[in-house]
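Please treat every number below as a calculation from the coordinates, not as lab data. Note that the coordinates shown come from a computational prediction; the quantities given were computed from them, not determined experimentally. Every residue, glycine among them, receives a Cβ derived from its backbone with ideal geometry; neighbour counts consider all protein chains shown.
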Amino acid sequence: AQERYASIRKRPAVSVCGRRIHLYMNAGLLADLPSLPSSGAEGVGLFRTELQFLIRNQMPKRTELAEVYKRVMDAAGDTPVIFRTLDIGSDKVLPYMKPNDEPNPALGWRAIRVGLDKPGVMRMQMQALLRAAEGRPLNVMFPFVAQYSEFTAARTEVDKALAIERKLGHVVPESVTIGTMLETPSLAYASSKFFEDVAFISIGGNDLKQFFFAADRENERVRRRYDTLNVSFLTFLEGIVQRCSETGTPLSFCGEDAGRPIEAVCLAAIGINRLSMRPASIGPVKSLIMRTDLDALYDVICDARERGEQSARESVMEYLRWNG
Ligand code: PEP
Ligand code: MG
């Protein structure tokens with residue numbers, strides 16, 4: 001399938017109306033990195049670090065992690081890699097950690113909440129990342145931040161790790177860029193100070209959609225019940241685009257929907273210029289972007305909303321059938 005898109009692999013994703021959309025890949029293992037050149041991705045928009053913890057039967061050592069992270073950065077070369085700090089809990093349970101019996105794990109003690117309550121693991125992971133960079137720029141992103149203070153507290157942990165590394169005489173990255181996932185509706189309404197303070201935001205659409213519609217992403221009965229192109233959800237996402245544009249905060253989308261061509265062009269149409277997805281999706285998504293007038297598609301979405309359609313999907317499909 002990748003061969004089908006080989007002819008556009010090196011071309012930028014520019015829409016018919018001239019908008020440049022940046023496409024990145026999601027990864028979680030070193031074995032994913034060869035897909036970077038073969039897919040034409042511009043970097044790794046989301047490196048899910050929990051996979052390194054999930055594939056072992058004991059807590060990985062700092063040196064082991066540093067080695068993996070270094071090899072990931074080596075493989076990525078000049079293209080950026082955004083490392084997401086450990087996102088465990090909910091659907092991702094470590095076999096060697098005491099399971100906590102929670103009535104609602106998706107709403108429970110997970111991701112950055114664990115990181116902030118038990119900072120030891122996060123600090124160990126940060127040190128591994130700082131060392132792995134060997135002086136190169138480092139990009140870090142926190143999962144599941146629900147309010148501004150969680151972001152600042154997590155960033156303080158990075159600063160502490162940096163101070164320790166300096167004290168130990170280790171080389172530190174030439175820059176550490178710190179952003180966050182936006183996966184809970186609450187963060188979309190944080191103060192403008194937050195949007196000014198954070199270096200970048202990446203929408204975790206899988207979780208964000210689950211919380212927006214109150215529909216468990218793991219529950220077969222409800223997971224497909226609500227459409228990503230539901231006008232309520234698109235309107236909500238547009239609000240995030242608006243907040244980010246007011247403060248000039250770089251915004252990307254890294255949930256699975258970014259890799260679905262129809263959804264991807266709609267995300268681009270409402271103003272999300274960076275999409276991160278599984279590598280095999282880059283070709284099909286790029287191909288559709290290059291055939292689509294995103295401004296016209298935006299009008300299609302707005303018209304569907306004005307007509308009171310619940311989902312823009314039918315109108316979008318109809319438009320793309322003739323124009324995509
Ligand atoms: C998301 O929630 O959209 C996301 C990218 O994170 P994960 O799927 O790892 O929860
Ligand atoms: Mg998530």
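Figures for the structure shown
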item	result
Lys/Arg +1, Asp/Glu -1 at C-beta; the range 74-186 dipole; positive extreme among Val140, Met124, Ser186	Met124
Under-5 Å amide H pairs with Ser252, H placed in peptide plane, nonlocal only	Ile201, Ser202, Ile203
Mean Cβ neighbour count within 10 Å, used as a protection proxy, ranking 44-53, 29-38 highest first	44-53, 29-38
Rg/Rh ratio calculated on Cα atoms of the chain (Kirkwood radius)	0.97
Entries in Lys98/Lys160; Lys160/Lys193; Lys98/Lys167; Lys92/Lys286 that, when Cα-Cα distance is taken, lie over 25 Å	Lys98/Lys160; Lys98/Lys167; Lys92/Lys286
Amide H within-cut-off set for Asn230, under 5 Å, with H built and near neighbours excluded	Ala312
Cα pair distances in the range 116-268, grouped into 5 Å bins until the bin that holds the longest one, percent each	2, 9, 17, 18, 17, 14, 11, 7, 3, 1, 0
Bridge type composition, the chain - antiparallel percent by DSSP, nearest 5	15 percent
Per residue Cα convex hull volume in Å³ - calculated over the range 247-324	102 Å³
Chymotrypsin sites (Phe, Trp or Tyr not before Pro) restricted to the range 233-288 and DSSP loop, no more than 15 other C-beta within 10 Å	none
